[in-house]
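The values are calculated or read from the model by the stated rules, or taken from the named source; none is laboratory data. Because the structure is a prediction, the values reported are computed rather than measured. Cβ placement follows ideal geometry from the backbone for every residue including glycine, while neighbour counts extend to all protein chains displayed.
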């Protein structure tokens, strides 16, 4: 079959008519001149005119052919088979799996390294006229849109690929490859996939259904796997205190084909092994192991749960980090009987070594209080205060401290609106109903689960705490206020506002037992503790569900103003400089790159201000693969070729490539026609042409 790779160029073939048009318009009319009889010359004249016309016709044809063959050469004529012409050029995309599951040991070595060598052999089959693009399936490092390049550049890109810690983004990579190959102009379009063909990585749709590229599945030495891994670590929502034991629970799954009773699980805290247990788990099942430990000081800590070695070590270690706030001071002003309950939530026992110091004071004893001695002031019930105290508290917040306004049964809404609405962003329209019954109630309807107050609880939007509030005030908020939680009926529950350099939080639900069941709920103590920590800008918390390669966002809680970039140290000891951003009054850091599992440190001017842990996605730990037919069906490749192991890739691929490009032949023909035209035109005089 004869076709053209650049068919649009054929429009220029009309230029071949130019010599004909010039010839037709340049014909001279014969001028008759009376002369003496030259009958003996007439025969000779007829022969010369006939030869001249033939030469002119040949010149016209040659000139038309020269233009036509030059245009055809640029249109790149091809034959899909045949022995003449040069080999048709190739546009190829190589999808290379560098996800976490490829970093495992097989009998001949590391699977990633063996696959990389095989991929380089594939690239050796391409010539200088071919174009190639390498797309890694772990897209965490591939931030640039892929494009075709020379085989030499593709080899360099492949050799610099590293073992990833993320999942294989097969769907996204196939879409990128398909789009590239659709735009390619070469006759041969080829797609190579080098992957362990994980079952969990199969795409959601048959991406290649409309593709005209030849698909090659390159075999790699996938063997029967023997793998146990940690799929989760959990702290159970507990707040970790310095000097007090906490429990760490790890979930271990046996992905192998045999029962395991030889596993050792160890707990490491701050780089030291502190505990270990023996683990038994049957094939295909999972089990949980728990460790109990304590740390003696506040601040940033990290740890990991580790298993004994097997073929796939990437999921044998699960990292976590946690923070115990340093000491800060809290003042509770008694405006109603909820003050004692708030105090009890923060200090359930005087024997506990809390990381905050709490003082409770009555309204009559405020005269001797210096608010600047405290980091957070809690105004329980928000009672009316003398103008001087209101002014001092506003100055206290403006300087960078925090105020918690807890609405109560005795709160006077006119007094609140007059004194606090300007800094709280909350305006009350009606007070609570005094004739309420417990037949109906309000509850949390939605919360901002990404906010630092709620993020530690790992809420799901449809599984919020089952709380009952029997009466609520009516209110609205100003534009500057940020609603962190709502009650049912779209009533704001927790509202945050910035005032100067400080924060104001307003809780519009009533805490006292006669108005709600909040104080009897397990959520009450961590809720009050978390609010206090947040207002003190020293949050406790732990990071256990962050995965390598994802978009990570960190809320930086420090009591200093950041005037320069911060420094991030990755698990492989690389240094990167990042610029924090401000969002809704909070400092947010978006670390990059985060493509490795392990512990990341954030420093500012030599001081560590954050520490977080990343792990490989548990889905990547499922090493079960599918056969070539299932894999091809999943990606939509009805016709595919298998490049088997231990075979010569070049000979196999050349059998499937087709096409001969004829542009060089057409170009040489045009050159020959030009030479012929030059030789022929010499025989025609200037006046005869």
Matching residues, region 293-312, being surrounded by fewer than 22 Cβ atoms within 10 Å (Cβ to Cβ), assigned to a loop (DSSP other than H, G, I, E, B) and in contact with a strand residue (DSSP E or B) (Cβ under 8 Å, 6 or more places away or on another chain):
294, 295, 297, 298, 308, 310, 311
If you go through region 253-268 one residue at a time, do you hit one that is surrounded by 13 or more Cβ atoms within 10 Å (Cβ to Cβ) and either without any contact (Cβ under 8 Å) to a residue 24 or more places away in the chain or closer than 30 Å to residue 125 by Cα (or both)?
no
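Does residue 120 meet the test of being modelled with pLDDT of 90 or more, surrounded by fewer than 15 Cβ atoms within 10 Å (Cβ to Cβ), outside any strand (DSSP E or B) and in the same structural domain as residue 647 (by TED's automatic domain parsing)? Explain how you work it out, then say what you get.
Details: modelled with pLDDT of 90 or more: yes; surrounded by fewer than 15 Cβ atoms within 10 Å (Cβ to Cβ): yes; outside any strand (DSSP E or B): yes; in the same structural domain as residue 647 (by TED's automatic domain parsing): yes.
Against the criterion (modelled with pLDDT of 90 or more, surrounded by fewer than 15 Cβ atoms within 10 Å (Cβ to Cβ), outside any strand (DSSP E or B) and in the same structural domain as residue 647 (by TED's automatic domain parsing)), residue 120 qualifies.
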Looking only at region 333-356, how many residues end up being touching a strand residue (DSSP E or B) at 6+ places or on another chain (Cβ under 7 Å), at pLDDT 90 or above and assigned to a loop (DSSP other than H, G, I, E, B)?
2
Restricting attention to region 628-651, which residues are exposed (fewer than 15 other Cβ atoms within 10 Å of the Cβ) and within 12 Å of residue 191 (Cβ to Cβ)?
639
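Scan 347, 390 and give me the residue that is in the same structural domain as residue 416 (by TED's automatic domain parsing), farther than 16 Å from residue 527 by Cα and surrounded by 14 or more Cβ atoms within 10 Å (Cβ to Cβ).
Working: 347 fails: farther than 16 Å from residue 527 by Cα.
Of the residues listed, the single one that is in the same structural domain as residue 416 (by TED's automatic domain parsing), farther than 16 Å from residue 527 by Cα and surrounded by 14 or more Cβ atoms within 10 Å (Cβ to Cβ) is 390.
Can you tell me which residues in region 452-463 are assigned to a loop (DSSP other than H, G, I, E, B), surrounded by 14 or more Cβ atoms within 10 Å (Cβ to Cβ) and in contact (Cβ under 8 Å) with a residue 40 or more places away in the chain?
Looking only at region 452-463, we keep the residues that are assigned to a loop (DSSP other than H, G, I, E, B), and these are 456-463.
Of the ones still in play, those that are also surrounded by 14 or more Cβ atoms within 10 Å (Cβ to Cβ) are 456-457, 459.
Within region 452-463, 456, 457 meet the criteria.
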Just to check your reading of the model, which residue among 520, 509, 489, 500 is within 27 Å of residue 394 (Cβ to Cβ) and surrounded by fewer than 20 Cβ atoms within 10 Å (Cβ to Cβ)?
500
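Kindly provide the set of residues from region 142-162 that are within 22 Å of residue 614 (Cα to Cα) and buried (at least 16 other Cβ atoms within 10 Å of the Cβ), ordered by number. Show your work before the answer.
Within region 142-162, the first condition is being within 22 Å of residue 614 (Cα to Cα), and the residues that meet it are 142-143, 161-162.
Result: 142, 161.
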Hey, can you tell me all the residues within region 449-463 that are farther than 16 Å from residue 531 by Cβ and either touching a strand residue (DSSP E or B) at 6+ places or on another chain (Cβ under 7 Å) or not assigned by TED's automatic domain parsing to the domain that holds residue 520 (or both)?
461
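Quick check on residue 366: is it in a helix (DSSP H, G or I) and either closer than 30 Å to residue 596 by Cα or free of Cβ contacts under 8 Å to residues at least 12 places away in the same chain (or both)? Full working, then the answer.
Details: in a helix (DSSP H, G or I): yes; either closer than 30 Å to residue 596 by Cα or free of Cβ contacts under 8 Å to residues at least 12 places away in the same chain (or both): no.
It is false that residue 366 is in a helix (DSSP H, G or I) and either closer than 30 Å to residue 596 by Cα or free of Cβ contacts under 8 Å to residues at least 12 places away in the same chain (or both).
Here are some residues: 98, 188. Which one is in contact with a strand residue (DSSP E or B) (Cβ under 8 Å, 6 or more places away or on another chain) and modelled with pLDDT under 90? I'd like the intermediate steps shown before the answer.
Working: 98 fails: modelled with pLDDT under 90.
Testing whether each residue is in contact with a strand residue (DSSP E or B) (Cβ under 8 Å, 6 or more places away or on another chain) and modelled with pLDDT under 90 leaves just 188.
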Looking at residue 330, is it modelled with pLDDT under 90 and either in contact with a helix residue (DSSP H, G or I) (Cβ under 8 Å, 6 or more places away or on another chain) or surrounded by fewer than 23 Cβ atoms within 10 Å (Cβ to Cβ) (or both)?
no
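Does residue 165 count as in a helix (DSSP H, G or I) and surrounded by 17 or more Cβ atoms within 10 Å (Cβ to Cβ)?
For residue 165, the condition - in a helix (DSSP H, G or I) and surrounded by 17 or more Cβ atoms within 10 Å (Cβ to Cβ) - is not met.
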Hey, residue 378 hits all of (1) part of a loop (DSSP other than H, G, I, E, B); (2) in contact with a strand residue (DSSP E or B) (Cβ under 7 Å, 6 or more places away or on another chain); (3) buried (at least 18 other Cβ atoms within 10 Å of the Cβ) but one; which does it fall short on?
(1)
Anything in region 153-194 that is without any contact (Cβ under 8 Å) to a residue 40 or more places away in the chain and under 12 Å from residue 211 (Cα atoms)? List them, or say none.
175, 178, 179, 182, 183
Among the residues of region 397-433, how many are in a helix (DSSP H, G or I) and modelled with pLDDT under 95?
2
Consider residue 220 against the criteria (1) more than 29 Å from the chain's Cα centre (by Cα); (2) in a loop (DSSP other than H, G, I, E, B): it satisfies all of them except one. Which criterion is unmet?
(1)
Which one of the conditions (1) at pLDDT 90 or above; (2) in contact with a helix residue (DSSP H, G or I) (Cβ under 6 Å, 6 or more places away or on another chain) does residue 325 fail to meet, given that it meets all the rest?
(1)
State the number of residues belonging to region 579-615 that are touching a residue at least 24 places away in the same chain (Cβ under 8 Å) and part of a strand (DSSP E or B).
19
Only one of 684, 665, 653 is more than 30 Å from the chain's Cα centre (by Cα), at pLDDT below 80, within 27 Å of residue 177 (Cα to Cα) and not in a strand (DSSP E or B); which?
653
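Can you find a residue in region 77-92 that is within 27 Å of residue 598 (Cβ to Cβ), modelled with pLDDT of 80 or more and under 38 Å from the mean Cα position of the chain (by Cα)? Please lay out each step first, then the result.
Our first condition is that a residue be within 27 Å of residue 598 (Cβ to Cβ); within region 77-92, this holds for none.
No, because not a single residue in region 77-92 is within 27 Å of residue 598 (Cβ to Cβ), modelled with pLDDT of 80 or more and under 38 Å from the mean Cα position of the chain (by Cα).
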